[in-house]
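Notes for the one structure printed next.
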Amino acid sequence: MTTVTPSQAPVTPPSGLARFWRRAPSSLRVGAIILAIHVVVAVTGPLWAPYGVAQMGAGIPLSGASLAHPFGIDQLGRDVFSRVVHGGHIVMLLALSGTLLGLVIGAVIGLLSGYLRGWIDEVIMRLVEAMISIPFLVLGLLAVSAAGPELSGSPLLVIMVVAFLYAPRIARLARSAALEIVTKDFVTIARLRGESPWSVVRRELLPNTTSVLLVEFAVRTGYAPVLVGSLGFLGFGMRPPTPEWGLMISENRTLLLASPVTVLGPGLMLASLVVGLNLFTEGLARILGRTVQIGQR
């Protein structure tokens, strides 16, 4: 009888996902871990948060941090930790939805403009450049003001503002990517077959610009929580008592001297989410062979 020693035992090769994880850039792995923690908290947080999102009387107002209240108690007696946990899914949904909508609008405009070229391309790009020339936050506040009081403070308005700010920038990138592909033989053949511009964009240009748009989507998503938080901080975002992190920082900013931990909690969560998204984006760009300018708006 032949015995098999431990050194001779067959070794199961790692799965494709395991090999990808081992070979992935360290920035992507660290970013993925941070994002996974945020996703778990966002999905399960409302189930185990010790207090309700607007529950008063959780403790003595401005009593500081403790084991029962890691982020302290705000001036209304609400547990800041519970509100931060409840707000995770709100921030992520607003950021992802707004960025995805902006990606769809910007990609359609940019790819069509790059394919059609001519005077249509000139008109579209001049409008896009005019919008980009306006300071980022100023344009967002103008959009909120133009929407009127009926939509003020609604999630739909926040999503639309994020999409409105990102669409021109994504459109310019999509047009640049389309101009590199539109002269290829397969695009010329599709045009000679009599396919419509929309069909050429959908079947020929879009598949060949997916990696560029994917990286751009990841980059914009990394800044979207800051944009959502900025709108909330300035009072143009969600309505109180919604536990959106930027709004929470705005509500507690007057308490920085009395109880700074009430601002530290939502601030740390927002910062960690942005760091995780940026690290994940940098790693994704390396895998796809793209460059990312960290800090671009």
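Structure data summary
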{"read-out": "Sites VAL39 and SER133, calculated FRET efficiency, Cβ-Cβ separation with R0 30 Å, nearest 0.05", "value": "0.25"}
{"read-out": "Theoretical gain in end-to-end length, TRP48 to ARG22 [0.36 nm per residue, Cα-Cα removed]", "value": "6.0 nm"}
{"read-out": "Debye, to nearest 20: dipole size of the stretch 26-288, +1 on Lys, Arg Cβ, -1 on Asp, Glu Cβ", "value": "380 debye"}
{"read-out": "Nonlocal amide H pairs with ASP79, under 5 Å, H built at 1.01 Å", "value": "ALA58"}
{"read-out": "Helical contribution to [θ] at 222 nm, DSSP H n ≥ 4, -39,500 (n - 2.57), averaged over the chain, rounded to 500", "value": "-22000 deg cm²/dmol"}
{"read-out": "Net lengthening on full extension, GLU122/LEU257 (0.36 nm per residue, minus Cα-Cα)", "value": "43.3 nm"}
{"read-out": "Per-residue HN-Hα couplings for the stretch 140-155 [Karplus 6.51, -1.76, 1.60; θ = phi - 60°; Hz; x = Gly/Pro]", "value": "x, 5, 5, 5, 5, 5, 5, 5, x, x, 5, 9, 4, x, 8, x"}
{"read-out": "Translational diffusion of the chain, µm² s⁻¹ [Kirkwood Rh, Cα pairs; Stokes-Einstein; 37 °C; 0.692 mPa s]", "value": "151 µm²/s"}
{"read-out": "By average C-beta atoms within 10 angstrom, highest first, the peptides 37-43, 203-209", "value": "203-209, 37-43"}
{"read-out": "Ranked packing of 145-154, 23-32, 173-182, most packed first, by mean Cβ within 10 Å", "value": "173-182, 23-32, 145-154"}
{"read-out": "Leading residue at positive end of dipole, the stretch 26-288 (Cβ point charges), from ALA49, MET131, LEU247", "value": "MET131"}
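Here, each number is a calculation from the coordinates, and none is a lab measurement. Note that the structure is a prediction, hence the values are computed from the model and not measured. Neighbour counts are summed over all protein chains in view; Cβ atoms, including those assigned to glycine, are modelled from backbone coordinates with ideal geometry.
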